[in-house]
Amino acid sequence: MDSGDRNRVRLGGDDDDTLARAARLLQQHGFVVERGDGAALAAETGRRRAAEAAFRLNEERLDALLALSERHHASVEELAQFAIDEGVRLTRSTIGYLHFVNDAQDGFLHYFWSRGSRETCAAVELMDYTVCTAGIWADALRLRRPVVHNDYPNEPTRRGLPEGHHPLSRHMSIPVLRDDKVVAICGVANKPAPYDAADLRQLRLLANRLWSIVESQRTTAALEAANAELSRVAGIDALTGVANRRALETFLERQWKIAAREGWPISLLMLDIDCFKAFNDTYGHQAGDAALKAVGAAASEVARRPNDLVARYGGEEFLVVLTRAQEDDAMAIACGLVERVRALGLVHGGSACAPVVTVSIGAASHVPQPDGPADWPALVAAADAALYAAKQGGRNRACAASSRAAA
């Protein structure tokens with residue numbers, strides 16, 4: 001349209017004086033005025049108003065898609081509620097629904113209702129259908145294509161409505177498909193005018209955009225779960241199920257910094273299974289593996305606080321990290337662990353100190369300093385020296401690094 005067309009105005013009507021005044025006023029502002037009959041003017045005005053309304057509706061629809069996309073961090077329930085409420089509003093309907101589908105099992109997974117449906121339809125609380133038993137509203141699922149009923153009361157295939165259901169005059173529903181499977185159906189009802197292609201496009205856009213966000217959330221959640229599991233497995237000793245050496249070192253680094261900041265003590269118990277080589281030689285490696293698992297489980301039973309850790313240090317050695325524990329506390333736990341392992345009653349005919357499997361434990365404690373180095377390896381060495389003293393003292397006992405006295 002050129003500038004001449006944009007500045008051209010057609011006037012119509014029966015009041016010549018009024019038309020003349022209007023013409024003069026428009027001409028003063030640069031408009032070209034033409035005379036027309038009233039019917040033509042009314043028709044042109046109607047067309048313009050219809051075009052303006054369609055333009056505004058398209059803007060609303062684009063805004064709704066943008067708003068849905070911006071909610072991609074919201075819960076599935078919140079996303080579904082927003083999508084169906086907007087679907088109802090933008091198609092000028094009064095009620096609507098969005099149901100997630102298990103296509104393989106002929107059933108519905110989740111029911112979501114527009115606010116108008118929940119406020120006016122008592123039947124929403126009673127919904128529990130299979131695809132085969134659902135009414136005409138599920139035709140989009142069965143037929144795998146959009147379905148429009150612009151004269152619902154006269155539809156020959158309608159099955160009637162459950163008690164408490166809102167009366168229906170018009171209904172439109174669409175399926176959401178992924179890999180040729182229906183994953184959801186979305187429907188709206190009771191628009192004052194017949195549903196048209198623009199309504200259908202809007203509902204499809206909203207429902208498919210919603211499902212894309214749901215898929216993205218599920219993929220992200222699955223990746224996070226897989227990464228968490230990989231991290232967990234990477235930090236676990238495959239045989240005993242306790243932490244491995246790498247996880248132990250990471251844990252000590254972190255806890256050392258926390259203890260230095262808070263002024264907490266850290267205690268270590270270095271544990272070794274007595275005469276373990278003789279046990280393997282006598283009973284075989286499978287029995288040796290079983291003994292390692294049993295000792296690791298016993299150690300885990302005494303180190304159950306959230307910030308404690310049991311790790312396999314190497315071979316038949318375990319290291320127990322006790323945060324916020326003084327050496328006296330650590331020695332009490334160590335002595336209890338010696339008794340717990342002995343009470344397992346694992347026969348050990350090759351032991352030089354007892355007829356059953358026993359352990360020797362070295363305990364060491366330290367309060368890290370805020371301005372000091374993260375010298376946890378020195379504390380490990382102190383616990384190891386205390387363990388050596390326990391072995392020298394006859395095994396089957398615990399020894400504190402500060403006194404090197406066996407208990």
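The values are calculated or read from the model by the stated rules, or taken from the named source; none is laboratory data. In this text the structure is predicted, and so the values were computed from the model without any measurement. Neighbour counts run over all protein chains shown; Cβ positions are idealised from the backbone, glycine included.
Report, by residue number, each residue of region 292-348 that is assigned to a strand (DSSP E or B) and of a type in the set (A, V, I, L, M, F, W, C). Lay out the reasoning, then the answer.
In the first step, residues of region 292-348 are kept if they are assigned to a strand (DSSP E or B); the result is 309-314, 317-323, 347.
Residues satisfying the conditions are LEU309, VAL310, ALA311, PHE318, LEU319, VAL320, VAL321, LEU322, VAL347.
Within region 273-286, the residues that satisfy the criterion of being part of a helix (DSSP H, G or I) and loosely packed, with under 14 Cβ neighbours inside 10 Å are LYS277, ASP281, HIS285, GLN286.
Within region 328-358, being under 30 Å from LYS257 (Cβ atoms) and touching a residue at least 24 places away in the same chain (Cβ under 8 Å) holds for ASP329, ALA330, MET331, ILE333, ALA334, CYS335, GLY336, LEU337.
When you look at ARG312, is it buried (at least 17 other Cβ atoms within 10 Å of the Cβ), within 20 Å of ILE266 (Cα to Cα) and within 43 Å of the chain's Cα centre (by Cα), yes or no? Yes.
Within region 349-407, the set of residues being charged (D, E, K, R) and part of a loop (DSSP other than H, G, I, E, B) comprises ASP371, ASP375, ARG395, ARG397, ARG404. Looking at region 1-119, the strands (runs of 3 or more DSSP E) lying wholly inside it that each contain 2 or more residues that are modelled with pLDDT of 75 or more sit at 95-102, 107-113.
Of the numbered criteria (1) within 30 Å of LEU90 (Cβ to Cβ); (2) in a helix (DSSP H, G or I), the one CYS186 fails is (2).
If the condition is being closer than 21 Å to GLY394 by Cβ and out of contact with any strand residue (DSSP E or B) (no Cβ under 9 Å at 6 or more places or on another chain), then region 307-335 contributes only ALA332. In region 234-251, the residue that is farthest from TRP376 (Cα to Cα) out of those that are in contact (Cβ under 8 Å) with a residue 60 or more places away in the chain and among the aliphatic types (A, V, I, L, M) is LEU239.
Residues in region 291-305 that are under 20 Å from ASP329 (Cα atoms) and touching a helix residue (DSSP H, G or I) at 6+ places or on another chain (Cβ under 9 Å): ALA298, ALA299, GLU301, VAL302, ALA303. Go through region 210-232 residue by residue and tally those that are touching a strand residue (DSSP E or B) at 6+ places or on another chain (Cβ under 6 Å) and either assigned to a strand (DSSP E or B) or in contact (Cβ under 8 Å) with a residue 60 or more places away in the chain (or both). Here the count works out to 0. Here's a check for you: in region 163-204, which residue that is touching a residue at least 12 places away in the same chain (Cβ under 8 Å) and among the acidic types (Asp, Glu) is nearest to ALA64 (Cα to Cα)? Among those residues, the one meeting the criterion is ASP199.
Per-residue answers, yes or no, for (1) closer than 14 Å to SER267 by Cα; (2) surrounded by 14 or more Cβ atoms within 10 Å (Cβ to Cβ); (3) modelled with pLDDT of 95 or more; (4) not assigned by TED's automatic domain parsing to the domain that holds LYS257:
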residue	(1), (2), (3), (4)
ILE333	yes, yes, yes, no
PRO355	no, no, yes, no
PRO368	yes, yes, no, no
TRP376	yes, yes, no, no
ALA381	yes, yes, yes, no
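Can you spot a residue in region 134-144 that is aromatic (Phe, Trp, Tyr), outside any helix (DSSP H, G or I) and buried (at least 20 other Cβ atoms within 10 Å of the Cβ)?
no
The condition of being touching a Ser or Thr at 6+ places or on another chain (Cβ under 7 Å), of a type in the set (S, T, N, Q) and surrounded by 14 or more Cβ atoms within 10 Å (Cβ to Cβ) does not hold for SER360. Residues of region 53-106 that are closer than 25 Å to LYS181 by Cα, crowded, with 17+ Cβ neighbours inside 10 Å and small (Gly, Ala, Ser): ALA80, ALA83, GLY87, GLY96.
Against the definition (in contact (Cβ under 8 Å) with a residue 60 or more places away in the chain, over 30 Å from GLN369 (Cα atoms) and in a helix (DSSP H, G or I)), how does ALA207 come out, yes or no?
Values: in contact (Cβ under 8 Å) with a residue 60 or more places away in the chain: yes; over 30 Å from GLN369 (Cα atoms): yes; in a helix (DSSP H, G or I): yes.
Spelling it out, ALA207 is indeed in contact (Cβ under 8 Å) with a residue 60 or more places away in the chain, over 30 Å from GLN369 (Cα atoms) and in a helix (DSSP H, G or I).
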